[in-house]
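Just so it is clear, none of the values below were taken in a lab; they were calculated from the coordinates. Please read all numbers here as calculations on a predicted model, not as lab measurements.
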Amino acid sequence: MKKFMIIMTVAFLCLTMALPALAASTRAKMEESIDVMDQLVSIPEKTIPPALLSRAEGIAIIPGVIRAGFILGGRYGQGVLLLHENGKWSDPVFISLAGGSIGWQIGVESVDVILVFKTKRSVEGILRGKFTLGADVGVAAGPVGREASAATDAQLRAEVYSYSRSRGLFAGLAIQGSALQVDDEADAGFYGKEVTPPEIVRGDVPKVPESAERLKKMIVDYAGKAR
């Protein structure tokens with residue numbers, strides 16, 4: 001029993017020391033996500049249609065996804081997921097995106113990725129565990145501009161629209177095979193304690209950082225332009 005108590009005490013101290021560093025990292029990632037959303041709302045004619053976002057079940061914003069490769073390629077990034085629940089947007093759940101590809105490629109690039117989820121099944125799948133785009137749900141490069149009428153039949157059948165932003169421009173992104181996963185450590189760092197995704201989505205976290213409210217307001221205001 002004494003050995004168990006020592007182990008638990010050490011684990012608690014390690015978590016206590018790690019949380020401040022995690023908090024700073026997640027606050028920075030949130031500000032990056034807000035910057036991506038700010039760029040999106042500033043050019044509605046050349047970016048994600050507001051009408052698409054107004055009907056979405058969720059949105060993931062993943063700034064600075066690193067794409068690198070030499071023959072074998074890969075991508076990795078961290079960001080946030082917000083769900084549209086009961087007529088309002090949830091607080092952000094931190095997620096990671098990772099994937100690989102095979103083909104002739106060389107170099108390193110950083111892009112911002114936005115995913116718009118059209119069905120509740122697609123967003124709930126992420127909260128239940130590791131979730132692969134193109135395998136667990138259909139994903140397609142999203143239409144750009146105020147009107148979504150340019151989308152192909154294949155896109156309209158997709159459950160997730162994907163976008164990338166590079167050098168200030170948004171464009172549809174082919175991202176099949178990438179896996180999304182909840183980042184529990186980042187959630188703990190941002191909210192100051194261990195929390196579960198359902199608690200975050202339900203609004204059961206008592207102290208939510210102001211930056212989360214700013215991001216939610218930006219999404220609400222942009223989606224409202226569809227009306």
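Between Glu109 and Ser25, the contour length at 0.36 nm per residue exceeds the Cα-Cα span by 28.1 nm.
Among the listed pairs Lys130/Lys217; Lys193/Lys217; Lys118/Lys217, which are separated by more than 26 Å between their Cα atoms? Check vs 26 Å cut-off fails for Lys130/Lys217.
The alpha-carbon of Lys29 sits under 13 angstrom from the alpha-carbons of these aspartates and glutamates, leaving out residues fewer than 8 places away in its chain: Asp112, Asp183, Asp187.
Please give the contour-minus-distance gain from Ser96 to Arg202: 0.36 nm per residue of separation, less the Cα-Cα distance, rounded to one decimal in nm. Kindly include the intermediate steps, with their values, before the conclusion.
Numbers: separation 106, 0.36 × 106 = 38.16 nm, distance 2.09 nm.
Separation in residues times 0.36 nm, less the Cα-Cα distance, equals 36.1 nm.
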